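I have placed the structure first, in the form of structure tokens, so that the comments after it can refer back to it.
The values are calculated or read from the model by the stated rules, or taken from the named source; none is laboratory data. What you see is a predicted model; the values in this text were computed from it and never measured. Positions of Cβ are backbone-derived with ideal geometry, glycine not excepted, and every protein chain shown enters the neighbour counts.
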Amino acid sequence: VKDTEILDLYWNRDERAISESDKSFGGYCHSIAFSILRDREDSDECVNDTWLRAWNVMPPKRPDRLAIFLGTITRNLSIDRWKMKKAAKRGNGEMEVALDELVECIPAMHGTEEAVEAHELEHMINEFMHRLSERDCNVFLRRYYYLEEYSVISERYGLNINTVKTSLHRTRDKLREYLEKEGVVL
Amino acid sequence: VNTKTYNEKNYNTDINKNNDSDTDKALRIMEAFSAVDEELLYRTEQKNKHGKITYINSRLTKATRYLAACAVLAVIGIGSFAVFNLNTSKSSDSSGSTDNIAQIAAAVTENAETASDAGVQSPQPMMQESENGESAATKVDAATTGDAVTTEAAATTEDAAASLQDSRVEVSLDAAKSTERTGAHIPDELPEGYTLISCRSIPEGSSYNDIYLKWSNASDTITVEISDYYMVYDDLDLIYGSSVSIGNISIEDVESRCTYNNGKTDFTIDRKFDDGVYATVTINADITPEEILAILKSM
């Protein structure tokens with residue numbers, strides 16, 4: 001079933017939209033959730049919640065790329081669930097490792113400025129990603145959006161694993177410098 | 001003892017608080033990625049006709065790149081050695097004599113033979129000059145005196161000049177730019193901060209043109225070699241199997257040839273222009289693919 005046909009099912013309030021979404025995008029969304037949560041049961045629940053969230057926003061929403069749209073919902077739900085779990089216990093998954101790496105991107109504070117609003121930060125990050133070369137941008141997103149391991153990124157793009165690490169390190173430095181230049185306080 | 005234990009506990013608690021605080025901030029950054037444009041996310045999933053995006057060439061191609069670099073270095077080394085011998089001979093006898101030229105010709109002959117034995121395919125003119133180098137040298141007027149290598153080459157007979165033609169000599173950038181065929185391909189656009197530290201060319205009268213340029217910015221270097229007669233490149237271009245001319249190169253071509261080490265970009269390309277002139281561009285610098293593309297486009 002094509003993406004547009006699944007979109008039509010949502011718009012026509014046809015419950016087959018859920019099953020068709022699960023068939024077409026279940027594996028994709030599950031991999032995103034599992035990268036963050038490292039728990040099959042939690043990942044399944046996030047994926048099921050994704051279809052419900054999608055059902056609630058379509059219509060009026062009609063995304064251009066359904067897979068990306070559903071994947072983003074899964075990612076947000078998974079991060080929320082991870083935060084709840086983290087309060088109880090800290091794990092050793094890819095999420096924790098990736099967060100430790102992203103600590104390098106935290107800009108230094110230069111006073112008593114107020115923390116930047118979430119939507120402003122999103123806008124800045126988006127702007128920053130557009131400034132990167134295609135390769136650096138892809139590698140960075142595969143790591144910090146999809147939480148893929150170095151070896152997976154290396155295989156995906158035919159890069160040496162050290163090249164992936166170097167690219168990520170350089171981009172994290174650039175992001176920190178960019179956020180500092182923009183006067184961002186987290 | 002109790003006080004020490006108490007302080008250690010407080011210290012560890014502070015550490016944990018800081019770690020949690022940093023993690024929360026990192027989490028804010030990670031959450032902000034959720035708003036990245038769909039196009040960028042979609043691009044990460046795209047695949048080429050081989051099933052995936054590949055940002056570097058295959059190992060075979062990479063190996064040929066190293067081979068090309070070695071071959072070019074060998075050729076440059078031979079030329080440099082000949083120039084060195086020329087300068088050494090010149091300084092030891094300022095009056096000038098046939099012995100000087102004979103030594104240079106002998107050195108060029110010896111180098112060419114060595115390169116040939118080692119399997120390096122030398123440029124054709126070098127082999128020709130080595131065959132008649134000795135006779136050319138004997139025709140040099142004993143009265144030649146020179147302030148510079150180029151002056152001496154011009155003052156000697158035509159055959160003697162031919163024996164020197166493989167040796168690059170320092171020239172001004174303007175002189176290099178006025179060189180027939182190759183001069184037109186010297187890049188006009190370089191990132192800010194780069195200074196030209198070497199500009200060498202084959203003396204006039206050679207059967208081919210060749211220019212070597214090197215710019216530096218602290219430890220960053222950009223090297224460009226332009227030639228209209230390098231047989232070795234013909235072979236390597238076939239090995240590469242690419243017909244992309246340097247004038248039509250795309251940002252994807254550039255990015256696929258970039259590797260990153262210690263905060264610097266390594267980039268090498270050997271390609272020919274539409275008019276048949278060849279160029280080797282070697283970069284080791286903190287430079288973006290876009291800046292590299294701008295250099296190539298300005299050639």
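Only residues that are at pLDDT 80 or above and closer than 18 Å to A:LYS174 by Cα were counted in the range A:98-119, giving 10.
Taking the range B:251-276 as the search range and keeping residues that are farther than 19 Å from A:ASP173 by Cβ and in a strand (DSSP E or B), which one is nearest to the other protein chains (Cβ to nearest Cβ)? The extreme case among them is B:PHE267. Evaluated against (1) of a type in the set (Asp, Glu); (2) more than 14 Å from every other protein chain (Cβ to nearest Cβ); (3) under 29 Å from B:THR23 (Cα atoms), A:ASP80 falls short on exactly one condition, (2). Restricting attention to the range A:127-174, the residues that are out of contact with any helix residue (DSSP H, G or I) (no Cβ under 9 Å at 6 or more places or on another chain) and more than 9 Å from chain B (Cβ to nearest Cβ) add up to 0. Specify the residue that is surrounded by the most Cβ atoms within 10 Å (Cβ to Cβ); the eligible residues are those in the range A:139-166 that are within 18 Å of A:MET95 (Cβ to Cβ) and among the charged types (D, E, K, R). The extreme case among them is A:ARG143.
Applying the selection to the range A:53-67, what residues are surrounded by 13 or more Cβ atoms within 10 Å (Cβ to Cβ) and either on the phi > 0 side of the Ramachandran plot or part of a helix (DSSP H, G or I) (or both)?
A:ARG53, A:ALA54, A:TRP55, A:VAL57, A:LEU66, A:ALA67
Yes/no per residue for (1) of a type in the set (Asp, Glu); (2) at positive phi; (3) touching a Pro at 6+ places or on another chain (Cβ under 6 Å):
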residue: A:GLU127; (1), (2), (3): yes, no, no
residue: A:LEU132; (1), (2), (3): no, no, no
residue: A:TYR145; (1), (2), (3): no, no, no
residue: A:SER151; (1), (2), (3): no, no, no
residue: A:ARG156; (1), (2), (3): no, no, no
residue: A:VAL164; (1), (2), (3): no, no, no
residue: A:SER167; (1), (2), (3): no, no, no
residue: A:GLY183; (1), (2), (3): no, yes, no
residue: A:LEU186; (1), (2), (3): no, no, no
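Filtered by the rule that a residue be buried (at least 16 other Cβ atoms within 10 Å of the Cβ) and either more than 13 Å from the chain's Cα centre (by Cα) or closer than 17 Å to A:ALA67 by Cβ (or both), the range A:29-43 gives A:CYS29, A:HIS30, A:SER31, A:ILE32, A:ALA33, A:PHE34, A:SER35, A:ARG38, A:ASP39, A:ASP42, A:SER43. Check whether at least one residue in the range A:90-97 is buried (at least 21 other Cβ atoms within 10 Å of the Cβ), more than 7 Å from chain B (Cβ to nearest Cβ) and modelled with pLDDT under 85, and report yes or no. Yes. If you scan the range B:241-276, which residues turn out to be in contact with a strand residue (DSSP E or B) (Cβ under 6 Å, 6 or more places away or on another chain), of a type in the set (A, V, I, L, M) and modelled with pLDDT of 75 or more? Listed by number, the list holds a single entry, B:ILE269. Looking at A:ILE18, is it at negative phi, part of a helix (DSSP H, G or I), more than 16 Å from the chain's Cα centre (by Cα) and in contact (Cβ under 8 Å) with a residue 24 or more places away in the chain? So A:ILE18 fits the description; yes.
For B:SER198, the stated conditions hold: it is under 22 Å from B:GLU291 (Cα atoms) and either polar (S, T, N, Q) or crowded, with 19+ Cβ neighbours inside 10 Å (or both). In summary, helices (runs of 4 or more DSSP H) completely within the range A:93-186 and bearing 3 or more residues that are of a type in the set (A, V, I, L, M, F, W, C) occur at A:94-102, A:118-131, A:134-144, A:161-181. Residues that are modelled with pLDDT of 75 or more and in a strand (DSSP E or B) within the range B:277-299 comprise B:ALA279, B:THR280, B:VAL281, B:THR282, B:ILE283, B:ASN284, B:ALA285, listed in sequence order. Taking each residue of the range B:212-226 that is over 17 Å from B:ILE202 (Cβ atoms) and among the charged types (D, E, K, R) and looking for partners that are at pLDDT 85 or above and part of a strand (DSSP E or B) with beta-carbon atoms closer than 6 Å, six or more apart or interchain, yields B:ASP220/B:ALA285.
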